[in-house]
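To start, the structure itself, in structure tokens.
Every read-out reported here was derived from the displayed coordinates using simple, explicitly stated rules and does not represent laboratory data. Keep in mind the model is a prediction, meaning the values are calculated, not measured. Counting neighbours? That spans all protein chains shown, and the Cβs are built from the backbone with ideal geometry, glycine included.
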Amino acid sequence: MSYQDVKIESEYITLQQFLKFADILDSGGAVKWFLEEQDIKVNGSPEKRRGKKLRDGDLIVIADIGSYRVVQG
């Protein structure tokens with residue numbers, strides 16, 4: 001599986017911020033609905049928390065949308 005790298009400048013990014021930063025969602029208002037409806041895995045485990053901290057090397061897989069890797073840079 002190939003991952004699209006998403007570069008962050010800080011130590012971590014929340015899942016909510018990630019979804020907007022990676023252009024998966026346009027607005028923060030859609031995040032709650034999106035997390036309830038989509039199959040999202042972070043490092044292989046299901047994740048539904050908006051505030052989940054994503055750090056360098058974390059792998060995010062969103063069913064039918066894509067696979068992403070957080071890269072600090």
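Residues of the range 35-65 that are over 11 Å from the mean Cα position of the chain (by Cα) and assigned to a strand (DSSP E or B): Ser45, Pro46.
Being in contact with an Asp or Glu (Cβ under 9 Å, 6 or more places away or on another chain) and either within 18 Å of Val71 (Cα to Cα) or surrounded by 16 or more Cβ atoms within 10 Å (Cβ to Cβ) (or both) holds for only one residue in Lys53, Lys48, and it is Lys53.
Taken over the range 11-31, the criterion of being loosely packed, with under 10 Cβ neighbours inside 10 Å and closer than 14 Å to Asp58 by Cα is satisfied by Glu11 alone.
Here's the yes/no breakdown for (1) touching a helix residue (DSSP H, G or I) at 6+ places or on another chain (Cβ under 7 Å); (2) of a type in the set (Val, Ile, Thr):
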{"position": "Ile24", "(1), (2)": "no, yes"}
{"position": "Phe34", "(1), (2)": "yes, no"}
{"position": "Ile40", "(1), (2)": "no, yes"}
{"position": "Ser45", "(1), (2)": "no, no"}
{"position": "Lys52", "(1), (2)": "yes, no"}
{"position": "Asp56", "(1), (2)": "no, no"}
{"position": "Val61", "(1), (2)": "no, yes"}
{"position": "Tyr68", "(1), (2)": "no, no"}
{"position": "Gly73", "(1), (2)": "no, no"}
